[in-house]
Each structure stands twice: as C-alpha cells, then as structure tokens.
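The values are calculated or read from the model by the stated rules, or taken from the named source; none is laboratory data. On a predicted model such as this, the values are computed, not experimentally measured, just so you know. All Cβ positions, even for glycine, are placed from backbone atoms using ideal geometry, and neighbour counts span all protein chains on display.
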Amino acid sequence: MSSKKDPELPVQPKSGFSRRGFIRGVGIGSGVLGTTGLLPKEAAAAPGAAVVGPGPVAMTLTINGKPVNLTAEPRVTLLDAMRNYLDLTGAKRVCDRGTCGACTVLINGKSVYSCTTLAIDAQGKKIETIEGLPVNNPVSAAFVNHDGQQCGYCTPGFVMAAHGFLREHPNPTEADVEHGLCGNLCRCGTYMGVRKAVVEAAKGMKGGSNG
C-alpha cells in the first residue's frame, strides 16, 4: 500500500482538528440526522398497511344511490373516474386545482371538489352528482327563472353546491348565499342571478320559508 499523502488534503495537525475535516464531519452528521430522523415515523410504512397500485385496481363507488364498479389506477381522481370511466360528465374540469368549483359533487352531503378527491378514497361514501337530481328540482328551476347561467359550464357545480348549502342553511339571505357559494366561480358573472335563485329555491324546498 502506498504511503503517499493525498496532495489535496492538508497535513493533519497534532490536535487532530482541521477545517476541512470539520466541514466533512458536519456534512455527514447532518445527512445522517436528516435521514434517520424521518425513517421511524414518516418514511416507514405502518405495520399491516395495505399497499395498492401503481397499476389499476378494482373499486366500487356509490353514486346517486347505486353501486358502480370500475378498474383504475389509485391516482385517478373522482372527477376523472366519473367522466372517463363512468360516463358521468356533469361535473366539469376547468381549473383542475380545487379553485373554481365546476367539478363540485356532494360526498356524504357535503360539497367537495371532485378534481382533488381520489376515487379510491371515495369508496364507501355516498356520492351525489348533477345526474342524480330530478329534472324539475327547485334549484335548477330557480336558476332558469333568474338567468343564473349563461354558458352553463359552471352551472352543475353551482347547483350541487347550492343543494349542499341549503341542507345546512334552509332560510338564507342573499348575503348568506354569497358567502356560502364563494368557492364556486362563474366567468360569465351571473352571481346576482345565482344568489336570487338559491334564495328562491330555499322557499320551494322543505324547511325553506323566507329569505
């Protein structure tokens, strides 16, 4: 074995300390801490946890009161599952970032952006979409009466959000509606008609009396 010193390394002082050695030690130590600090909790899989994917897996969703089966990758969103696998195209893809509300559906009675919900996580829950509403439901009828839609692209999301809102606020004012549906956007700007429509719909639904 050669006894030559590494020309790039300084001669180690008698004290055993060098600037380069210190930096190397800190770097290695930090890396070890950063790794071992995460492994026990965050990085290690929970004992007995079921792992699915990345390939397609079988799912069963309960949509509008009926179980439907599909096979899709676990990364598929509820919006994509409905539109691309189940031919339920009422919920619309617009922002695809949980901002505009055009993809709104109800899950267990609550308004949810289906573009940010995984289909696999919606199993065992009650999903309601625009396709499951009666044609003459009070909300849709009120939207027509008050010109609450123009291009209509955002309308299914607004209607579903309104249904979820009215279940918790059966007697809203227009100010209540403005606040309650602030998660839905309309590029045509029909907000005044939407607010009046939801207040009118409340009167025609059980529990709704006055605005």
Members of the stretch 157-211 that are over 14 Å from Phe143 (Cα atoms), modelled with pLDDT of 95 or more and of a type in the set (Ser, Thr, Tyr) = Thr173
Does Thr77 qualify as being over 19 Å from Val199 (Cβ atoms) and surrounded by 22 or more Cβ atoms within 10 Å (Cβ to Cβ)?
-> yes
Take the residues of the stretch 120-174 that are out of contact with any Cys (no Cβ under 8 Å at 6 or more places or on another chain) and aromatic (Phe, Trp, Tyr): which is farthest from Thr60 (Cα to Cα)?
-> Phe143
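Filter the stretch 94-121 down to residues that are β-branched (Val, Ile, Thr) and surrounded by fewer than 24 Cβ atoms within 10 Å (Cβ to Cβ) and give me whichever is nearest to Cys188 (Cα to Cα).
In the first step, residues of the stretch 94-121 are kept if they are β-branched (Val, Ile, Thr); the result is 94, 99, 104-105, 107, 112, 116-117, 120.
Cutting the leftovers down to surrounded by fewer than 24 Cβ atoms within 10 Å (Cβ to Cβ) gives us 94, 99, 107, 112, 116-117, 120.
On the way: Val94: 14, Thr99: 16, Ile107: 27, Val112: 22, Thr116: 24, Thr117: 26, Ile120: 34 Å.
Result: Val94.
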Residue tally, condition of a type in the set (A, V, I, L, M), surrounded by fewer than 22 Cβ atoms within 10 Å (Cβ to Cβ), in a loop (DSSP other than H, G, I, E, B) and touching a residue at least 12 places away in the same chain (Cβ under 8 Å), over the stretch 127-184 = 1
